[in-house]
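The values are calculated or read from the model by the stated rules, or taken from the named source; none is laboratory data. What you see is a predicted model, and the numbers here were worked out from it, not measured in a lab. Counting neighbours? That spans all protein chains shown, and the Cβs are built from the backbone with ideal geometry, glycine included.
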Amino acid sequence: MRCRTITRTEAAQLAMVLEVTASPKPGNVDRGHDYPDTRLEHFLASAVFARAALERAEAGEGGIGALIEAAVRDTNCHAGGNTHFGAFILLIPLVIGGGASAAFRAARETTVEDAVAFYRAFSATQVRVLEKDEIDVNDPGAADLLRERGMTLYDVMAYSAERDMVAREWTNGFALCTETADRLMAHGSGREAIVRTFLDMLAAYPDTFIAKKHGPAVAGETVLRAREVQAGRLALSVFDEECLARGINPGSLADIMIAGIYLALLEGWQWDC
């Protein structure tokens, strides 16, 4: 028997849970392995503690920047560090809008104060940055600079889009999130569909988190290794162990995967079959 129709908040929470518990997803925390400082339980706890911010987003209460900040604040309550910052960048507008088109409109309507709140949220995380940016998240004067330049949160994402695929989703209408949802539904139902979809995306797009941590060459090499798995020349489990041993973490694609699962759930994708 099917349960009632789930809310957007529940779909977002469920998407975070389903992404982290699917296994194996090369290089990422899942039910098969933890990181030394971040465990599966930390991701699950964040999915629970994000509820209040997601409910406010669904109700249209507050700006996108303030809601991302609230989600980060509410989930910074365990020893596992940042777990879902990138996911919140995608989920908050998607939950506000419901689908990708409405989320894109909401993103375009963000304000300078949304950008200021986002920078406060960013500074509260330990997200890796590629290089010292002109607008430093750790600079107390960043808010003044954003206000001086009149940069909205959409402008901030557009500024970062070239080097950050999560930010780029704001400028391309959440295209990869939508592609992920489409691939997921094409692969059928359940956990195996998530694993196959994640591998599809890893074989198609260089992960910008890998590029920030290891350089573009390693990100490109990871794409090629994923394609070898798809071609049957490399076992998925071996690829997973390689990524873990080298500290290769496709974190940006994991965030996009969460958003794709969310969109698929709203379309009726069956996760429990």
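Under 17 Å from residue 157 (Cβ atoms) and either surrounded by fewer than 20 Cβ atoms within 10 Å (Cβ to Cβ) or of a type in the set (Ser, Thr, Tyr) (or both): is that true of residue 108 in this structure?
yes
Among the residues of the stretch 36-53, is any closer than 23 Å to residue 180 by Cβ and in contact with a Leu (Cβ under 7 Å, 6 or more places away or on another chain)?
Yes, there is a match, as at least one residue in the stretch 36-53 is closer than 23 Å to residue 180 by Cβ and in contact with a Leu (Cβ under 7 Å, 6 or more places away or on another chain).
Is it the case that the stretch 24-39 has a residue that's part of a helix (DSSP H, G or I) and over 15 Å from residue 255 (Cβ atoms)?
Restricting attention to the stretch 24-39, the residues satisfying the condition of being part of a helix (DSSP H, G or I) are none.
No, the stretch 24-39 contains no residue that is part of a helix (DSSP H, G or I) and over 15 Å from residue 255 (Cβ atoms).
Take residue 101 and tell me if it is farther than 20 Å from residue 161 by Cβ and among the hydroxyl-bearing types (Ser, Thr, Tyr). Show your work before the answer.
Numbers: farther than 20 Å from residue 161 by Cβ: no; among the hydroxyl-bearing types (Ser, Thr, Tyr): yes.
It is false that residue 101 is farther than 20 Å from residue 161 by Cβ and among the hydroxyl-bearing types (Ser, Thr, Tyr).
Provide a single number: the residues in the stretch 30-52 that are surrounded by 22 or more Cβ atoms within 10 Å (Cβ to Cβ) and polar (S, T, N, Q).
Residues flagged as surrounded by 22 or more Cβ atoms within 10 Å (Cβ to Cβ) and polar (S, T, N, Q) within the stretch 30-52 amount to 1.
Any idea how many residues of the stretch 36-52 are touching a His at 6+ places or on another chain (Cβ under 9 Å) and either free of Cβ contacts under 8 Å to residues at least 40 places away in the same chain or under 27 Å from residue 107 (Cα atoms) (or both)?
So the answer is 8.
Across the stretch 53-70, which residue is surrounded by the most Cβ atoms within 10 Å (Cβ to Cβ) among those that are without any contact (Cβ under 8 Å) to a residue 40 or more places away in the chain and farther than 18 Å from residue 109 by Cβ?
Top of the filtered list is 53.
Does any residue in the stretch 93-113 that is under 12 Å from residue 64 (Cα atoms) and at pLDDT 95 or above come within less than 6 Å, Cβ to Cβ, of a residue that is among the β-branched types (Val, Ile, Thr) and part of a helix (DSSP H, G or I) six or more places away or on a different chain, and which pairs are these?
Correct list of pairs: 93/64; 106/96; 110/64.
Checking the structure you have, find out if any residue of the stretch 217-231 is of a type in the set (Asp, Glu) and crowded, with 18+ Cβ neighbours inside 10 Å.
No: zero hits.
Can you tell me which residue within the stretch 71-102, out of those that are out of contact with any His (no Cβ under 9 Å at 6 or more places or on another chain) and assigned to a loop (DSSP other than H, G, I, E, B), is surrounded by the most Cβ atoms within 10 Å (Cβ to Cβ)?
This residue is 84.
I'm told residue 32 meets every condition in (1) under 24 Å from residue 199 (Cα atoms); (2) small (Gly, Ala, Ser); (3) touching a helix residue (DSSP H, G or I) at 6+ places or on another chain (Cβ under 7 Å) except one. Can you identify the failing condition by its number?
Result: residue 32 passes all but (3).
Does any residue of the stretch 138-149 turn out to be crowded, with 19+ Cβ neighbours inside 10 Å and either on the phi > 0 side of the Ramachandran plot or not in a helix (DSSP H, G or I) (or both)? Break it down into steps so the answer makes sense when it comes.
Here is the first cut: in the stretch 138-149, the ones crowded, with 19+ Cβ neighbours inside 10 Å are 142, 146.
Now narrow it down to the ones that are either on the phi > 0 side of the Ramachandran plot or not in a helix (DSSP H, G or I) (or both): none.
No, the stretch 138-149 contains no residue that is crowded, with 19+ Cβ neighbours inside 10 Å and either on the phi > 0 side of the Ramachandran plot or not in a helix (DSSP H, G or I) (or both).
Can you say whether residue 208 is modelled with pLDDT of 95 or more, touching a helix residue (DSSP H, G or I) at 6+ places or on another chain (Cβ under 6 Å) and within 20 Å of residue 99 (Cα to Cα), as far as the supplied structure shows?
no
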